[in-house]
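What follows is calculated from the coordinates using simple rules that are stated; it is not laboratory data. Values in this document were obtained by computation on a predicted structure and should not be read as measured data. With ideal geometry, Cβ positions are generated from the backbone for all residues, glycine too; neighbour counts draw on all protein chains shown.
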């Protein structure tokens, strides 16, 4: 959970450096609450990408959360609508990871208990994220710009991806993403990104299917 | 650098609604229907498919150097990737990459 502190700080610093106002920075962090997508939107705005390309890229980064949403249905699907809506708002990487592990281990919990557990996990994380962003935004102005702060954003993305590269299909997906992204970088900002992402997802899924078939024949 | 205020707020508003709808999708609207396996498979790859393409041009042709490849930024990027893959943790990777970046830029400014 403590990953949200440095991450929030960093978003505050980078957003102010990119030219957002304090209100915009805080508005984004409270309404979107999705670190990687916020960083993506920032990068694309700095690159002067068009509105719909910014939206498409940032939402593409968030698509994995549809999976989280689907995974919570067996546990929380019977909760009242307002509770499910509130949980959806707070359903991001950290809360999902903690809750889904607890639900797997305690699948006999009644739905009320599962809802309470989710709120218990999310309640400290959300204000921490918001407060960390605020601190980052406020101290960001006093950080000298010649420290290479322009490049903190790329470093953050690479740091997010590195730990995800655990399997060969994931490495293939990332490599295809880099290659196509570079080849198409002359296209209007964001266009090449979306094509590269689609190619990379297809390549990763294809590699995974091929790998599964091969291990099935060997057994 | 100033970013157009209307654009920023439009991005924030659409992104907020869109992100909420993604998170709410199955839980709220679609209900207990399972996703097709191929969709689940593709969704799992979204972060590793999107982020590298976003970052690769910036690593090779940074804005800050007007698109000239910069050895310090390149080295910082490779360090971040290596530490991230080895430790499987985000923060050590950020710290290592930033350290290379800051020290490298200071050294090249001196030298």
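Principal axis lengths of the protein assembly as shown from Cα atoms, whole Å, largest first?
65, 53, 35
Going by alpha carbons, how many degrees (0 to 90, nearest 10) lie between the helix axis of B:71-87 and the longest principal axis of chain B?
With both axes taken from Cα atoms, the answer is about 50 degrees.
By counting other Cβ atoms within 10 Å of each Cβ, how are A:14, B:100 ranked from fewest to most?
Values: A:14 24, B:100 21.
With the sparsest Cβ surroundings first, the list reads B:100, A:14.
Just to verify a number: FRET efficiency for residue B:17 and residue A:206, C-beta to C-beta distance, R0 = 41 Å, to 0.05? Don't jump to the answer; show the numbers that get you there.
On the way: r = 33 Å, r/R0 = 0.80.
That gives a FRET efficiency of 0.80.
Using label points projected 7 Å from each Cα along Cα→Cβ, tell me how many nm separate residue B:66 and residue B:4, to one decimal.
2.6
Only counting other Cβ atoms within 10 Å, I'd like A:177, A:185, A:107, B:98 sorted with the fewest neighbours first. Mind dumping the intermediate values first?
Values: A:177 30, A:185 18, A:107 10, B:98 22.
Ordered from fewest to most neighbouring Cβ atoms within 10 Å, A:177, A:185, A:107, B:98 come out as A:107, A:185, B:98, A:177.
Within 10 Å of each Cβ in peptide B:97-105, how many partner chain Cβ atoms are there on average? Round it to a whole number, please. Provide the component values of the computation, followed by the final result.
Values: counts 8, 9, 0, 2, 8, 5, 0, 1, 4.
Per residue, the number of nearby Cβ atoms from other chains is 4 on average.
Considering segment B:50-110, what Rg and Dmax in Å follow from its alpha-carbon atoms?
11.8, 37
Assuming R0 = 35 Å, what is the FRET efficiency of residue B:75 and residue A:183, from their Cβ-Cβ distance, to the nearest 0.05? All intermediate terms of the calculation are to be shown ahead of the outcome.
On the way: r = 23 Å, r/R0 = 0.67.
Given R0 = 35 Å and the Cβ-Cβ separation, E is 0.90.
Need one number: nm distance between label points at residue B:88 and residue A:48, each 7 Å from Cα along Cα→Cβ, rounded to one decimal.
4.4
Working out 0.36 nm times the residue gap between residue A:82 and residue A:130, then minus their Cα-Cα distance, what length gain in nm do you get to one decimal?
Numbers: separation 48, 0.36 × 48 = 17.28 nm, distance 2.25 nm.
The residue A:82-residue A:130 span can extend by a further 15.0 nm.
With the radius of gyration and the Kirkwood radius both derived from the Cα set of chain B, what is their ratio Rg to Rh?
Details: Rg = 19.5 Å, Rh = 17.6 Å.
So for chain B, dividing Rg by the Kirkwood Rh gives 1.11.
Take the alpha carbon atoms of segment A:150-219, find their radius of gyration, then divide it by 2.2 N^0.38 Å using N residues; give the quotient.
On the way: Rg = 14.5 Å, N = 70, 2.2 N^0.38 = 11.1 Å.
Working it through for segment A:150-219, the quotient is 1.31.
Given a cut-off of under 8 Å on Cα pairs at least six residues apart, what relative contact order in percent is computed for chain B? Working shown, then result.
Details: 50 pairs, mean separation 15.2, N = 111.
Dividing the mean separation by the residue count of chain B yields 14 percent.
Measure out, as a whole number of angstrom, how far apart the alpha-carbon centroids of segment A:1-49 and segment B:10-78 sit.
14
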